[in-house]
Amino acid sequence: MNASGGTIVTAPTCGASGTMPAVLRYMKQRHKFSEDNVVDALATAGIIGNIIKHNASISGAEAGCQAEVGSACSMAAAAHAELFKLTIDQIEYAAEIALEHHLGLTCDPILGYVQIPCIERNAVAALRAIDACGLAYFLSDSRKISFDLVVDTMFETGKDMPANYRETSCGGLAKKYQLK
Ligand code: SF4
């Protein structure tokens, strides 16, 4: 839709806009959640996304794909946790787990298009979001890392990331693909 000039909802960004709807649509269909349930989940995800945007970044050009798809996964994990009525601490923990395990994720779109690796990456993040929520549910008594800490870490990691891996298509998969 992006490449063809279609309409998308940038939640949180254009490149990372597939994860949230994948999780919410699947859960709505499978578990028969209501529209109101989904609206509550979107509101929770919006809070998580805004915290990341305000305290760090949701931009691949600024902090790599960890800031885009990592943030999308974090939002989707929180939304999923909201759907299943986890506690506020477990929601925050789900968002934390989802972002933590995207730390260091580079942005290297082939030929500069937001297609590869972006599309599959959104799908992988959707599955990770669901897993993060499950982990938060089972491990909440033994957690060590806060959401705020991992947001701060993500931003610092992004600032340390060479420009080749921040939406320039000069490194990683984009570079290897063009050389083959
Ligand atoms: S690889 Fe880059 S362009 Fe693609 S989703 Fe990640 S941050 Fe966005």
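Placing unit charges on the Cβ atoms only, positive for Lys and Arg and negative for Asp and Glu, gives the chain a dipole magnitude near 640 debye about its Cα centre.
The relative contact order of the chain comes to 28 percent, based on Cα pairs under 8 Å that sit 6 or more residues apart. Angle of helix 35-55 to the longest C-alpha principal axis of the chain, folded into 0 to 90 degrees and rounded to 10: 50°. The long axis of helix 147-160 is offset from the longest Cα principal axis of the chain by roughly 0 degrees. With the charge dipole of region 21-180 set up from +1 on Lys and Arg Cβ and -1 on Asp and Glu Cβ about the Cα centre, the Cα lying farthest toward the positive end among the listed residues Q66, Q115, L86 is that of Q115.
With respect to the chain, whose longest principal axis is taken over its alpha-carbon atoms, helix 65-83 is tilted by about 10°.
Mind putting a number on the dipole of region 1-71 about its Cα centre? Charges go on the C-beta only, +1 for Lys and Arg and -1 for Asp and Glu, and I need it in Debye to the nearest 20.
Here the size comes out at about 240 debye.
If one computes the Cα centroid of region 82-128 and of region 11-25, what distance in Å separates the two points? The two parts, judged by their Cα centres, are 9 Å apart. If every alpha-carbon in region 31-91 counts as one equal scatterer, what log10 I(q)/I(0) does Debye give at q = 0.19, 0.24, 0.25 1/Å? For region 31-91, the Cα-only Debye profile gives -0.67, -0.91, -0.95.
Would region 101-180 count as rounded, prolate or oblate if I go by the C-alpha gyration tensor, calling it rounded below 1.5 in a/c and otherwise prolate when a/b exceeds b/c, oblate otherwise? Because a/c hits 1.5 or more and a/b fails to exceed b/c, region 101-180 counts as oblate. Based on the reciprocal of the average 1/r between different C-alpha atoms, the Kirkwood radius for the chain equals 16.1 Å.
Where a number appears in this text, it was derived from the coordinates with a stated rule and is not lab data. Please read all numbers here as calculations on a predicted model, not as lab measurements. Every residue, glycine among them, receives a Cβ derived from its backbone with ideal geometry; neighbour counts consider all protein chains shown.
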